[in-house]
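The values are calculated or read from the model by the stated rules, or taken from the named source; none is laboratory data. Bear in mind that the values here come from a model prediction, so they are computed numbers and not experimental data. Counting neighbours? That spans all protein chains shown, and the Cβs are built from the backbone with ideal geometry, glycine included. To get the accessible areas, we keep the full protein, side chains included, count just its heavy atoms, and leave off ligands, DNA and RNA. Shrake-Rupley method; radii C 1.70, N 1.55, O 1.52, S 1.80 Å.
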Amino acid sequence: MDSRHFQSRAAAALLDLIEETRLIPPSPHDLAARLQIHPIKLGEYYSDLDALTLSMVQEAMTKISDTCIRLMVKADPDQPMEQVRALAHGFLGWALDNPAELRLLVDPRVLHFADEPTIMAQILALFRLLEKLLTRARDMRHLHADFDASLAVLSGFSFVYGLARVADFNPLAKFASESTDHDADIRELLFNALDNYVDNLRPRN
């Protein structure tokens, strides 16, 4: 079997198991069973699941970066807060579309992968880009003069990540649908919440 094709199948199977079992990572025996191969055959491709998991985290970070940058460059370059909004929309959209990859990316049991140089560089590049945009918005007086851009990166990422994680929390979805003035599905409500967060960063006149 072609190694690239097998990696694609193994990655899909691993993500399915994460969604079904919430175990990160699933056992090699479970993964081999899902692929309908002997565990020894799995070991011919990967010495352990760390190798497969690392490749998947790397791929996830590349997709996140590409998605966020693609949306950001479409925003008005003279409106840094709109570029911030676009970045945030890019990450939230990716996270909602890829819940298993999101768990894989931030789960503390695999978080050590963030120390890998390529992954660390991609994460820091996004954080620094967001910090640069917020600093530029502050300098353009789109934000308060004492606005802390670095702290906003931390709080902003935490907020968007939180939105993505509660997408399938049914009580919150019910509360949101009953408490808003318009009828919308949970995905639209989460993006509305994100827009509200970004808008509230701006000073009130």
Candidates 145, 149, filtered to the one that is more than 18 Å from residue 89 (Cβ to Cβ), at pLDDT 85 or above, among the small types (Gly, Ala, Ser) and within 23 Å of the chain's Cα centre (by Cα): 149
Of residues in region 76-104 being open to solvent by 30 Å² or more (accessible area, probe 1.4 Å) and under 12 Å from the mean Cα position of the chain (by Cα), the one modelled with the highest pLDDT: 89
Region 24-41 residues that are open to solvent by 70 Å² or more (accessible area, probe 1.4 Å), paired with ones that are at pLDDT below 80 and charged (D, E, K, R) (beta carbon under 7 Å, 6 or more apart): 34/16
Subset of region 148-175 (residues that are within 16 Å of residue 202 (Cα to Cα), of a type in the set (A, V, I, L, M, F, W, C) and touching a residue at least 24 places away in the same chain (Cβ under 8 Å)): 152, 153
